[in-house]
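K.L.:
The structure follows.
The values are calculated or read from the model by the stated rules, or taken from the named source; none is laboratory data. Predicted, not measured: the structure shown is a model, and the values here were computed from it. All Cβ positions, glycine included, derive from the backbone under ideal geometry; neighbour counts span all protein chains shown. Just so you know, the surface numbers come from the protein's heavy atoms only, side chains and all, with ligands and any DNA or RNA stripped out. Shrake-Rupley method; radii C 1.70, N 1.55, O 1.52, S 1.80 Å.
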Amino acid sequence: MASPFSSDTELLRAEIAAAAARLIAEDGLDYNTAKRKAAKQILGNNKVRGDILPDNAQLEEEVRAYNAIFFGDTQPARLLHLRQVALALMQELGQFGPYLTGAVLNGTAGEHSDIHLHLFVDSPKDVEIFLLNKGVQFEVSEAPHPVSRRDPIETLSFMWRREGAHLTLYPAEDMRQVKAARDGRIIERADIEGVIALLNESENQ
């Protein structure tokens, strides 16, 4: 039987993707950390070429496959729960026009997944004050802007209804500019109406 892989590089990339998918589904690692750990498991301390690492699209497919095989009886309910909690949080933050993104949106979320929202605001302080007035204690972290060298963007992290939530706060003018992640993929986002539609689809299945 012919191999589905046309080269040793493709085969190695597939092996790393499968190992990384297990780390994401079982341990809740983020994609980049999972890829690095999986590469080390398979290649040891050998230097890893960039073309050997799977891209996020391939990794997402592997996570879906892993969930279907090993968590087919629990993952759909977990995903539904996270989407319901995400919707409640988005409605609470409605004045800031929140968008759902990440694993809870694309359907790969599992036991260790958190909720990730993008907000486009005039001032991050407005969101911080809003949360403080609601009695929400949060941690602040910063990361480089994904598409420019301007000031870093803030992420507010906290627990919401016993689930981890992360609000990434972009400048309001970035609404139309921040469309792609660092890996070049289009960033999937859904507003409140979009998440309601997802939940309605789940009910009708």
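K.L.:
Quote the accessible area belonging to Lys134 in square angstrom, nearest 10, computed with a 1.4 Å probe and with ligands, DNA and RNA left uncounted.
P.N.:
Its heavy atoms expose roughly 110 Å² to the probe.
K.L.:
Something else about it: So how far apart, in nm, are the two label points at Ala172 and Gln84 if each is 7 Å from Cα heading toward Cβ?
P.N.:
3.5 nm
K.L.:
Still on this model: Not counting ligands, DNA or RNA, and with a 1.4 Å probe, what is Ile24's accessible surface area in Å² rounded to the nearest 10?
P.N.:
30 Å²
K.L.:
Once you list every other residue whose beta carbon is under 13 Å from the beta carbon of Asn67, what net charge do they have if Lys and Arg are +1 and Asp and Glu are -1?
P.N.:
Its environment carries a net charge of -3.
K.L.:
Expressed as an acute angle from 0 to 90° and rounded to the nearest 10, what is the orientation of the C-alpha long axis of helix 8-27 relative to the principal long axis of the chain?
P.N.:
Orientation of helix 8-27: about 40 degrees from the principal axis.
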